[in-house]
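The values are calculated or read from the model by the stated rules, or taken from the named source; none is laboratory data. Predicted, not measured: the structure shown is a model, and the values here were computed from it. Cβ placement follows ideal geometry from the backbone for every residue including glycine, while neighbour counts extend to all protein chains displayed.
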Amino acid sequence: MLQDFPMYAYIPASDLARARQFYETKVGLRPKEVREGGVVYEFAGGTACFLYLSPNAGTSKASQAFWSVPDVDALIVALKAKGVKFEDYPNEPGKRSAQGAITEGGAKAAWFKDTEGNIMALIEEAPGS
């Protein structure tokens, strides 16, 4: 039933100005709309997220959202150049690329935390998956 409708991510921030600075200068997002309590960022395929003020930012130990990308390693290099620090999960199974991405289960993945402690991911689908 719900699969027929778009799904959007919510990204909590305890300091909205700091989070916006991170996403807009380091990750390269451009706001589509500023609303009371947050900002909307739009992505490919009509998807979007809402970065909003919340005292619960950074409390999840799992990924908040991920970007489906064509080349994880190239984006790791580009984002590191902007100051984004990627997470190292030494117990995560799979083969590691030279840039630190992990390939397992038909995908290559890398994770970083934003300024609010939220875990975000880059996912590259393996060919033939």
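Miscellaneous remarks
- Meets criteria (among the charged types (D, E, K, R), surrounded by fewer than 16 Cβ atoms within 10 Å (Cβ to Cβ), at pLDDT below 95 and not in a strand (DSSP E or B)) for Lys61: yes
- Ala126 being surrounded by 13 or more Cβ atoms within 10 Å (Cβ to Cβ) and either under 29 Å from Asn56 (Cβ atoms) or modelled with pLDDT under 95 (or both): no
- Among residues of segment 54-66 that are at positive phi, those with a beta-carbon under 6 Å from a residue that is in a loop (DSSP other than H, G, I, E, B) and at pLDDT 95 or above at least six positions away or on a different chain give the pairs Gly58/Glu116; Gly58/Gly117; Gly58/Asn118.
- Answer residue from segment 90-114, given it is in a loop (DSSP other than H, G, I, E, B) and surrounded by 13 or more Cβ atoms within 10 Å (Cβ to Cβ) and is modelled with the lowest pLDDT among those: Gly94
- Candidate set: segment 79-89, residues that are surrounded by 13 or more Cβ atoms within 10 Å (Cβ to Cβ) and of a type in the set (A, V, I, L, M, F, W, C); chosen: the one farthest from Ser54 (Cα to Cα): Leu79
- Only one of Tyr10, Tyr23 that is in contact with a Leu (Cβ under 9 Å, 6 or more places away or on another chain) and part of a strand (DSSP E or B): Tyr10
- Scanning segment 20-52 for residues that are surrounded by 15 or more Cβ atoms within 10 Å (Cβ to Cβ) and in contact (Cβ under 8 Å) with a residue 40 or more places away in the chain returns Phe22, Tyr23, Lys26, Val27, Thr47, Ala48, Cys49, Phe50, Leu51, Tyr52.
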